[in-house]
Structures are given as structure tokens and as C-alpha cells.
Amino acid sequence: MFRPFKPNRQETETPAPKPKRTIRADVSEIRRIIAEIKREFGWYADTGAAGEANLLKLFSWLQDNDATGFTLENVRVAVRVLGDEIEYDPEHNPVAPPPPPPPKPEPEKLEPGQIPLSTPSYAIKQVLAKASAAQIKDYLDRARKAAQN
């Protein structure tokens, strides 16, 4: 005759959940850390109902993850992990990206025999020594015109 398998008591018992660590911090320490978090994460709501909800979420996350305490590093990690669950500050205005750099000027188009205006100052004496009078006059005219613009 076939007897159904009956597990023993040890196999069916689930271990008792580990007690959660209590997270405690002074009010002044909490304010200091939240101020630092607000500087780092400008969008973080730190006042009003949203601020209180965020504190509850942070403390809950720290407890659930057995954090060692309400420290700046632990709260940074919690804010990054919670991400979208954290309430945003409705008055936060994200900083606009810097304006694009001005366009680079087009390189000058030279006729054959013209001296470039971009000739380095250490080489200009050598270039002018080999240039004709017409080339030097043209160079000086273009340099004066560029200086006026």
C-alpha cells in the first residue's frame, strides 16, 4: 500500500523574520542631512506634506534595508534607489543648460600669394621678410579691416 509523504515539522516551518533595525536620529541631524540632500538633488521636496511623505519613505527604506543609521551616505543611496517614488518639489525650476558656444568663424579664403592673418606672431617677421611690398600692403589692409570688426 502506498503512504503519502508527510513532511516533518522542521521542513514546513519558515524561519521567523529578522527584526528590523530601528533608525533613530536627532532632529538637527535630520535637518542637516536633508539640507545636504536638497543641495545635491534640487528636485527633492523637503517641506510640507510632500517633505513629510519623503521622510517617511526614506526611514521606511532604511529600515527595510537594514541600514546602519540615518547618515548622509545612506540617505543618498535611498534617494537614488527610490527615485520616482520620491515626491518632487513643485517650486523646483531645473537649471537651463548653458547656451551653445558661438559658431566658429569661417576660415579666411586666401588668394594665391596672400599672407594668412592667422600667421603666428613668432613667425610673422620671417614671413614678411620674404613677402613683396604688395603682399605686405594687402596683409596690413586685411589686418586693419579685421581689427575694426
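Things worth noting here:
- Signed unit charges on C-beta, dipole axis of the stretch 20-85, positive-most listed residue 45, 63, 30: 30
- One decimal place: the segment residue 124-residue 136 gains 3.2 nm when fully extended, by the rule 0.36 nm per residue minus the C-alpha distance.
- Leading residue at positive end of dipole, the chain (Cβ point charges), from 123, 19, 143: 123
- Computed over neighbours whose Cβ is under 11 Å from that of residue 86, the net charge equals -3, Lys and Arg +1, Asp and Glu -1.
- Centre-to-centre, using Cα atoms only, the stretch 70-149 and the stretch 27-53 are separated by 39 Å.
- Cα-based helix-to-principal-axis angle, 48-64 vs the chain, degrees rounded to 10: 70
- Magnitude of the charge dipole, the chain, Cβ model with Lys/Arg +1 and Asp/Glu -1, debye to 20: 620
Read-outs: derived from the displayed coordinates by stated rules, not from any lab. These numbers come from a predicted model, not from an experiment. Here the Cβ is made from the backbone with ideal geometry for all residues, glycine too, and neighbour counts use every protein chain on show.
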